[in-house]
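Data block below; observations after.
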Amino acid sequence: MRPLTKITLIWLFCISNVMAEGFMDFNLSMLDPVEQARIEAERARLAEEQLRLDAAKSCEELYLEIRQLYAQTYSSRPGYWDNPVNHTILLASTVISPAYYGLIYTGAMDYKQGLDAETRRERLNTLRQYSAGMRCFSG
């Protein structure tokens, strides 16, 4: 096998692992209805259990989790084209053509991090609602 083919296969494997998580709902729609209903029921049960655990938390625990999620969600990372790694990949691709695959990989990672950030934002909103309901920060 030629080295270029090996590099291509390695990049495709890495990207498929990164993107697989983002397409979970798409993959779920391809299952048979019984299995799909079982997975949806399990998700609902886990969400209900998480809500029950959140309701039992104290104001301090809520505040600590909100602070941790806020730091993870709103980190200051550069945009796709402002990222110095992508600039380096573009420069390297002038000499080594398979380096272009690095742009695909960083794009896939940005996409995955965006999905993770959206999940954390939803969790932040839920925790803020509990905190407000408990009147944690009222005088």
Volume per residue that the Cα convex hull of the stretch 29-139 spans, once the total is divided by residue count, Å³
133
Starting at 0 and stepping by 5 Å, how many percent of the alpha carbon pairs of the stretch 88-130 end up in each bin?
6, 22, 15, 13, 10, 10, 8, 7, 6, 3, 1
Along the Cα-to-C-beta direction of E48, a point sits 7 Å from the Cα; which residues of the stretch 89-126 have their amide N less than 19 Å from that point?
none
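Every number in this text was worked out from the coordinates using simple rules, so none of it is lab data. Please read these numbers as outputs of a predicted model, since none were measured by experiment. A quick note on method: Cβ atoms are made from the backbone with ideal geometry, for glycine too, and the neighbour counts reach across all protein chains shown.
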